[in-house]
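Data first, discussion second: the structure below is written as structure tokens.
Quick note: the coordinates plus some simple rules give every number you see, no bench work behind them. The shown structure was predicted, so the numbers you read here are calculated from the model rather than taken from an experiment. FYI the Cβ positions are ideal-geometry reconstructions off the backbone, even for glycines, and counts take in every protein chain you see.
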Amino acid sequence: MNYYTMKNNERINLLDIPTIDFNALTAQLAASNLRPVSFFGSDWGENIKLYVILADDENKKLLVTSSLINKNIKEYDSITKENHQYHMFEREFYEQFGIKPLGHPWLKPVRKNQDNYEFFEMQGDETHQVAVGPIHAGVIEPGHFRFMCQGEKIYNLEIMLGYQHRGVEDLMLKKHSNQLAESICGDSVIAYNMAYSQIMEELSGTQITPKAKLIRRIALEMERIAIHIGDLGAILGDIAYLMGKEVYGVTRTLVINTMLEISGSRFGRGLITTGGVNFDIDDNLSKKIVDILNNVKNTVEKMTHAALKSSTVMSRLEKTGTVSLETATELNLVGMIGRSCGINLDSRFDFLDDFYKDLKRKPFKATNDAYSRFKIRYKEIIESISFVKKFLKVLEKHKQENLCVSTKDLIPNSFAISIVEGWRGEIVHVATTDETGKLSRYKIKDPSFNNWYGLSMAVRNNGISDFPLCNKGFDLSYCGFDL
Amino acid sequence: MNNDKFLILFNVLILLIMPFITLGVIKKTKAFWSGRKGVSILQPLYDTIKLFKKDKTISSTTSWIFNFAPAVIYTTTLFAGLFTPMIKCHSIIDVAGAFIIFSYILGLGKFFALIAAMDTGSSFEGMGASREASFTTIVEPAFFIILASLTALSGNYTFAALTDLISSNGTFGILIIIMAVVSLFIMLLVECSRVPVDDPTTHLELTMIHEVMILDNSGADLALITWANGIKMVILMALISNIIIPLNLDFNLSLILFILMFPILGIIVGTIESGIARLRMSHVFEFVFVMSSFALVVASLAAVKMYGI
């Protein structure tokens with residue numbers, strides 16, 4: 001196959017990417033066992049250019065290829081027929097460019113045309129539909145859930161999103177900024193801003209200091225710790241385990257208040273900027289962070305042990321919402337949810353990152369259920385705390401360096417990828433520039449884009465009253481999907 | 001005569017005021033266990049007053065049943081309260097076989113709660129009604145068996161027998177008391193939608209049982225229903241108290257004990273709620289069946305006592 005091999009956070013010349021025949025490409029993709037990371041179209045004069053980025057996880061490489069499609073072409077043979085990993089990508093591509101994948105088994109709207117959405121329906125005396133949303137009881141984002149049930153048992157759940165029409169990718173082309181990148185998904189501020197900043201630095205050939213890189217990674221891990229602890233509390237809150245809910249809630253506050261001390265914002269807004277970071281971590285602050293994290297680690301360990309000893313908690317978590325490894329692989333689940341199903345992907349370690357390569361991780365024994373999703377969070381909190389401490393130690397060696405360097409103009413005809421492992425999983429940003437050095441396409445993929453379908457599979461044959469528990473375990477993003 | 005008037009007034013006051021205090025105590029207990037200060041013990045009362053001041057919003061898909069039901073639920077519960085033995089087993093109305101009227105009046109209120117929920121046409125409320133009905137089918141017979149057995153022991157099927165279990169039955173009485181109290185306590189958790197059966201504080205419609213049935217109620221209707229549920233809790237707690245507190249105590253002492261039983265039971269409920277997670281919906285049935293088996297033990301013990309072995 002004709003691919004250009006590149007690394008994460010690398011700029012390549014747009015013209016170096018091979019262009020292959022569309023039908024040949026789709027046939028190859030259908031037969032390929034490489035994991036699709038991104039699959040998107042871009043206007044290319046009279047044609048449409050389709051970019052495909054595949055991950056070769058074993059060899060820690062990214063493969064890029066493209067194809068020119070004439071605008072007169074209105075249909076092609078679907079890849080999803082053979083290879084289900086392309087299911088969402090093809091739906092999105094069809095919605096954005098109108099080229100119909102023939103034989104796609106589930107060709108439904110992604111973000112537009114919700115009025116024409118045809119739900120899967122079951123007929124029968126004892127079947128009933130339950131429609132939840134788009135407006136929910138809690139303060140959460142809009143999304144519609146359609147359950148097909150018999151009595152208390154869920155046969156099928158269909159999730160319809162796309163209520164927020166924000167046009168983030170287009171806004172990026174009009175006027176891109178760190179503020180915009182931070183606002184794409186409010187619970188992954190650091191991860192999104194980091195991906196955006198990295199891609200801008202690659203596209204302009206800016207080298208940032210190791211100090212700035214370290215502070216970014218510290219913030220990234222702090223974000224992971226904070227959200228994971230909050231999620232542990234939310235999972236236990238959903239099963240009415242009051243003590244867990246409260247203790248984790250309080251502990252999360254400690255972590256986000258530390259972020260407040262670092263950056264002036266509890267979610268780290270304004271910390272990262274293109275060219276580096278805006279705020280330093282000095283010795284005093286560093287000591288304080290270590291103290292707080294030790295305290296947090298202690299509380300989280302104690303609370304988790306207490307919760308997992310409670311038979312009522314275990315009875316709710318175990319064997320609830322199971323997604324088998326086969327299903328998870330077929331659906332291309334990524335990130336923390338993928339790991340809870342036994343897919344060992346973590347872009348921090350899979351794509352060589354100098355700061356992570358010496359860090360040790362314990363293997364995780366996935367049980368694929370709600371318990372697994374609880375346990376993986378606990379494991380990652382403990383690991384991230386040790387990572388932050390190690391990063392803080394390394395940071396001492398880089399005290400004298402600059403926080404931020406000035407950036408240059410974007411280099412024309414460039415193509416760059418930036419994959420950041422946010423707490424949810426891999427956040428993929430891809431950008432191209434045109435011949436004048438302006439952004440010509442900015443593509444974002446949130447882990448939720450892959451994982452929402454996993455939630456549908458998880459709740460099958462479970463009680464409908466267990467849905468909130470499964471949903472909390474996945475804790476997917478609406479805005480990361482709705483873009 | 002004066003004493004009678006006092007007792008009637010006392011019973012009515014307990015029925016009307018105690019629900020708020022008991023709910024407040026449960027909330028305070030939960031706040032204590034989670035390290036919070038918590039709201040005032042009278043907060044449930046303030047909430048109810050607030051609800052009475054608010055307007056009602058009524059869904060256009062509902063019929064007269066939906067409007068009518070809150071009043072029926074409230075009246076039936078309060079009426080059942082008149083049969084409930086309070087201090088020294090004194091109830092405002094006590095006749096032989098009162099427990100049959102008592103159970104069926106509560107059943108009538110439940111029936112209206114169910115059809116009012118169905119009346120809204122909401123899929124959530126239908127689901128809630130179905131769950132509530134399933135649990136009721138297990139709880140109601142067990143409750144009936146317990147009350148029948150206990151009142152049968154008195155010989156004339158009145159509630160007055162409840163407190164005399166120890167003095168008239170000895171060791172047997174203690175066994176019956178334990179079994180009956182556990183059984184009624186489980187019923188309390190089921191009927192008043194407490195953890196581990198239901199989670200009264202959740203916002204997740206799909207997991208609710210009782211709360212989901214009143215999603216469409218607002219204003220005074222909602223106030224009446226929550227008040228009625230509080231009264232139902234007080235009724236069950238009063239039954240439990242009467243079984244536990246011996247009849248031959250001094251009047252003042254039993255008065256204090258009786259009043260104290262509500263906060264004590266509230267603290268127990270709140271502590272259970274803080275310490276364990278909610279059961280999976282399919283496991284709730286197993287939990288409720290415990291009540292049935294205990295009820296059968298009570299019936300067997302009563303039968304043995306009355307007819308010999």
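The charge dipole of the protein assembly as shown, taken about its Cα centre with unit charges on the Cβ of Lys, Arg, Asp and Glu (plus for the first two, minus for the last two), comes to roughly 1880 debye. Look at the stretch B:201-213: the mean tally of other chain Cβ atoms within 10 Å of its residues' Cβ atoms is 5. The mean number of partner chain beta-carbon atoms within 10 angstrom of a residue's beta-carbon across peptide B:29-36 is 3.
Per DSSP helix of 4 or more residues, -39500 (n - 2.57); summed, then divided by the residues of chain A. What does that give at 222 nm, rounded to the nearest 500? Counting only the DSSP helices, I get -13000 deg cm²/dmol. A straight line joining the Cα centroids of region A:1-42 and region A:334-396 runs 28 Å.
Scanning residues 5 or more positions from A:Lys71 or on other chains, those with amide H under 5 Å from its amide H are A:Ile48, with H placed 1.01 Å from N in the peptide plane.
Roughly how many whole Å is it from the C-alpha centroid of region B:251-283 to that of region A:159-229? Taking the Cα centre of region A:159-229 as reference, the centre of region B:251-283 is 50 Å away. Helical runs assigned H by DSSP (4 residues or longer) give chain B a calculated mean residue ellipticity at 222 nm of -25000 deg cm²/dmol, each run adding -39500 (n - 2.57) before division by the residue total. When each of the peptides A:223-229, A:296-302, A:369-375 is scored by how many other beta carbons lie within 10 Å of its residues on average, the order from highest to lowest is A:223-229, A:369-375, A:296-302.
Please identify the DSSP H helices in chain B that span no less than 18 Å along the helix axis (Cα) and have a mean Kyte-Doolittle hydropathy of 0.5 or more.
In chain B, the long hydrophobic H runs are B:2-33, B:64-83, B:98-119, B:123-153, B:171-191, B:219-244, B:251-275, B:281-307.
Measuring max minus min along each principal axis, the C-alpha atoms of region B:2-307 give extents of 57, 42, 40 Å (largest first). Summarising the amide proton neighbourhood of B:Asp198: residues at separation of 5 or more, or on other chains, whose placed amide H is nearer than 5 Å comprise an empty set. When peptides A:333-342, A:37-46, A:188-197 are sorted by average Cβ neighbour count within 10 Å, with the highest value leading, the order is A:188-197, A:333-342, A:37-46. Listed peptides A:248-255, A:204-211 appear in the order A:248-255, A:204-211 once ranked by packing, highest mean of other Cβ atoms within 10 Å at the front.
Computed on the Cα trace of the protein assembly as shown, the radius of gyration divided by the Kirkwood hydrodynamic radius gives Rg/Rh = 1.06. Looking at the square roots a ≥ b ≥ c of the eigenvalues of the Cα gyration tensor of region A:1-141, which shape do they give, rounded for a/c under 1.5, prolate if a/b is larger than b/c, or oblate? Verdict is prolate for region A:1-141. Does region B:19-96 come out rounded, prolate or oblate, given a ≥ b ≥ c as the square roots of the eigenvalues of its C-alpha gyration tensor, rounded meaning a/c under 1.5 and, failing that, prolate meaning a/b above b/c? Here region B:19-96 falls in the oblate category. Our note on the geometry: Cα centres of region B:22-92 and region A:296-333, 37 Å apart.
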